[in-house]
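Undergrad: One structure coming up, written as structure tokens, with questions to follow.
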Amino acid sequence: MTGRPQRKQMLLRLDPAVHEALARWAADELRSANAQVEFLLRKALTDAGRLPRSPAPIPRRGRPPRTPPPE
């Protein structure tokens, strides 16, 4: 591991129709369903004034950003 704190895991039971809607929404925004749930929870916590002051950022997935070639 690269020094990042380990992410917590939790089981979430959803109605199948809710899961399908969430999966479609996540796909529209190019996120996994898991990332969409975290995104929505963080937004709700922020809107309610309950997000901790220093939460770790949502980790970026996929290919790392392109760096320009050295000159």
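The values are calculated or read from the model by the stated rules, or taken from the named source; none is laboratory data. Note that the structure is a prediction, hence the values are computed from the model and not measured. Cβ coordinates were reconstructed from backbone atoms using ideal geometry, including for glycine residues, and neighbour counts include every protein chain displayed. Each accessible area value is taken on the protein alone, full model and side chains, heavy atoms only, with ligands, DNA and RNA left out. Shrake-Rupley method; radii C 1.70, N 1.55, O 1.52, S 1.80 Å.
Undergrad: Using a Gaussian network model of the chain with C-alpha springs under 10 Å, which one of 13, 24, 61 is most mobile by mean-square fluctuation?
TA: Greatest mean-square fluctuation among the candidates belongs to 13.
Undergrad: Rounded to the nearest percent, how much of the accessible area of region 17-64 (1.4 Å probe, protein heavy atoms only) is carbon and sulfur?
TA: Carbon plus sulfur share of accessible area: 58 percent.
Undergrad: Evaluate the distance, in nm, between pseudo-label points positioned 7 Å from the Cα of residue 18 and of residue 6 along their respective Cα→Cβ axes.
TA: 2.8
Undergrad: Which order do 37, 18 take by accessible area at a 1.4 Å probe, largest first?
TA: Result of the area sort, largest leading: 18, 37.
Undergrad: Determine the per residue accessible area of the chain with all protein chains present and a 1.4 angstrom probe, expressed in square angstrom.
TA: 100
Undergrad: Relative to the longest principal Cα axis of the chain, at what angle does helix 33-47 sit, 0 to 90 degrees, rounded to 10?
TA: 80
Undergrad: Right, another one. Quick check on the chain: helices-only [θ] at 222 nm, where DSSP H runs of length 4 and up contribute -39,500 (n - 2.57) each and the sum goes over total residues. Nearest 500, please.
TA: -12500 deg cm²/dmol
Undergrad: A follow-up question, please. Using DSSP to call loops (not H, G, I, E or B), can you name the GluC sites (Glu not before Pro) in region 1-63 whose Cβ has at most 12 other Cβ atoms within 10 angstrom?
TA: Here the GluC sites (Glu not before Pro) that fit, given the DSSP loop and packing criteria, are 29.
Undergrad: Compute the whole-percent fraction of alpha carbon pairs in the chain spaced more than 19 Å apart.
TA: Numbers: 1285 of 2485 pairs.
For the chain, the fraction of Cα-Cα distances above 19 Å is 52 percent.
Undergrad: At 1.4 Å probe size, put 7, 60, 31 in order of accessible surface, largest to smallest.
TA: 60, 7, 31
Undergrad: Next question, about the same structure. Skipping prolines and chain starts, which residues have an amide H placed within reach, meaning under 5 Å, of the one on residue 51, given they are 5 or more residues away or on another chain?
TA: 46
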